[in-house]
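The values are calculated or read from the model by the stated rules, or taken from the named source; none is laboratory data. For clarity, every value in this text was computed on a predicted model and none was experimentally measured. Cβ sites come from the backbone with ideal geometry, for glycine too, and all protein chains shown count toward neighbours. Note: accessible area is taken over every heavy atom of the protein model, side chains too, but ligands, DNA and RNA are not part of it. Shrake-Rupley method; radii C 1.70, N 1.55, O 1.52, S 1.80 Å.
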Amino acid sequence: MTTEIGDAGDKYRDKVTEEDDLGLTYENLIDIVNGKPVIKRMPIKYNPQITYGYDEGGEGSGQPGNQPGGVGDPGIDIGVKRGDVIKIEKNWGINFTKPGKKDRVKLDFMVAERGYQENQEETLEAMLQRQILNGDFKKHGFKVDVKEEDLRYDNVEEKYIPDQSAHFIIIRDISPSMMDSVELAYQVSLYIAIGLQEMYQEKVTMVYGLHGVDAQEVSQEDFFKEDSNGNGTMFASSYKMVSAMLDGTPYDTRLLYPRKIDHSSEDVYFLHITDAESNSPGTDIPEVISELESLLPKVTKVMLLQVGGHDETYKRALEDLQNKKVKIVHVENEMSENNVKKAVKALFGD
C-alpha cells in the first residue's frame, strides 16, 4: 500500500518527466543504457507566496535558501530509470512499434513411438491395407510387418517466431569539424538505444565504430572518449564495415575478435553520424550507394544523422534511394533539446 508521501513523490517525478526537466547528460544516458542507477537532484518547484511586512527569511517562509538555520539544499533526489526516458520520448511523439523486419520459421513435427516424424497410426493403417490387398491378412491374420512403403509421416507445421533481439550499430565521424557536435551526437544515439531496449525487452547488442577515412570497431569507452582524427573523411568505409559484420568477413577492430551478426534471425539498425563533408564525394558517395543497395535487404533500418555541414550531396543521394528503411535528418551543429528531439523523431519515429 503506497503512502501519501510515496504518492506525492510519484506525482512529482511524473511532472518533472512530462516537462522534460530531468536534465539528463549523455553520461546519465550511458548509465541507463548499461542498466546502472542514475540519481538526479531536482530543484523543488515552489508556489509563489505573499508575505506582509519585513521578511527576514525565517522558518516557514518556504522559499529556496530560507531553510531552518539558513542551511539546506532545496532539492529532491529522483532515481531515473529507462521508463522515465521512454516517457520523455513518448511526449516527443515517438511511437515504439517494433518493425518486425523478418520472422524466423520453426518447423514442428510429431514424434511417434517408432521414430522421428512418423505417424504410427497412419503407418499401421497403410500396412493393414497392403496386407489385405496382397492376401497376407487372409492367410496369416493381423501381423505387424511394416515395410518401407507403409511409412506415413505427419504434416509439417510452420510456426513463425518474431524477432526478439537486435543489434544497434553506431558509427560516428571523428573528423576535426565534428568535435563541437559530439554531445548532440551522443544524446541522439543514446535516446535511440534506450528506445530499442524498450522495443526488444533489453535484448539489444550495442556495436560502436569510428571513422575518418577508414572505419574501425571500438569499445563503448573509446566511442565516447575518442578525439578527432585529422586524416580526412570518407563514408564508404563505414558501410563496408557493417557489411563485413553481417557477412562474417574480416574488418578492422580494436576488440579481441571481429563479430558475426546473424541478420537472418536478428534485426539490425545502423546509425551513421557525420557532418557529411567527404574528402572525395565524387567517388565516395557512389561507393556508399552501391554498398548500401546490397546492405538494405539485410538490415531493418539505416539512419543518417547529419550534424551541421553545408553540403547536402550525401543526404540527397540517400534520399534518392526512396527506400523506407532509410531515415535521414539534418540538424544544426548546436546542443539543444530541440535538436535532440528533432533528430530522434526523424530517425527513430515511424
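Could you check how many residues of region 133-142 are surrounded by 11 or more Cβ atoms within 10 Å (Cβ to Cβ) and part of a helix (DSSP H, G or I)? Can you show your working first?
Of all residues in region 133-142, those surrounded by 11 or more Cβ atoms within 10 Å (Cβ to Cβ) come to 136-137, 142.
The next check asks that each one be part of a helix (DSSP H, G or I); those that pass are 136-137.
Qualifying residue count for the region: 2.
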Exercise. If we scan region 167-180, do we find a residue that is of a type in the set (S, T, N, Q), modelled with pLDDT of 85 or more and either outside any helix (DSSP H, G or I) or surrounded by fewer than 16 Cβ atoms within 10 Å (Cβ to Cβ) (or both)?
Worked result: yes
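Per-residue answers, yes or no, for (1) under 26 Å from S165 (Cβ atoms); (2) modelled with pLDDT of 50 or more:
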site: V33; (1), (2): yes, yes
site: P43; (1), (2): no, yes
site: P48; (1), (2): no, no
site: G53; (1), (2): no, yes
site: E122; (1), (2): no, yes
Seminar exercise, completed: For region 241-266, the count of residues that are in a loop (DSSP other than H, G, I, E, B), touching a helix residue (DSSP H, G or I) at 6+ places or on another chain (Cβ under 9 Å) and either closer than 10 Å to V207 by Cβ or not charged (D, E, K, R) (or both) equals 8
For this session: Determine the pairs where a residue that is in contact (Cβ under 8 Å) with a residue 60 or more places away in the chain and in the same structural domain as S181 (by TED's automatic domain parsing), located within region 325-345, has a partner that is of a type in the set (K, R) and not in a strand (DSSP E or B) with Cβ atoms under 6 Å apart, the partner being 6 or more residues away or on another chain.
Result: V331/K342
For this session: Give the number of residues within region 288-303 that are without any contact (Cβ under 8 Å) to a residue 40 or more places away in the chain and of a type outside the set (V, I, T).
Result: 4
Problem set entry | Candidates Q216, Q201, filtered to the one that is open to solvent by 20 Å² or more (accessible area, probe 1.4 Å), in a strand (DSSP E or B) and not charged (D, E, K, R) | Q216
Problem set entry | Any hit, region 143-153, residues being buried (at least 18 other Cβ atoms within 10 Å of the Cβ) and modelled with pLDDT of 85 or more | no
Exercise. Do you know which residues across region 224-278 are in contact (Cβ under 8 Å) with a residue 24 or more places away in the chain, surrounded by fewer than 17 Cβ atoms within 10 Å (Cβ to Cβ) and on the phi > 0 side of the Ramachandran plot?
Worked result: G232
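If you scan region 341-350, which residues turn out to be out of contact with any Phe, Trp or Tyr (no Cβ under 7 Å at 6 or more places or on another chain) and not in a loop (DSSP other than H, G, I, E, B)? Even if it seems obvious, please write down each step before you answer.
We begin by selecting, within region 341-350, every residue out of contact with any Phe, Trp or Tyr (no Cβ under 7 Å at 6 or more places or on another chain); these are 342-343, 346-350.
Hits for region 341-350 are K342, A343, A346, L347, F348.
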Exercise. If we scan region 325-344, do we find a residue that is open to solvent by 50 Å² or more (accessible area, probe 1.4 Å), over 26 Å from M179 (Cα atoms) and not acidic (D, E)?
Worked result: yes
Problem set entry | Selection from region 77-108 of residues that are at pLDDT below 80, more than 18 Å from the chain's Cα centre (by Cα) and open to solvent by less than 60 Å² (accessible area, probe 1.4 Å) | D108
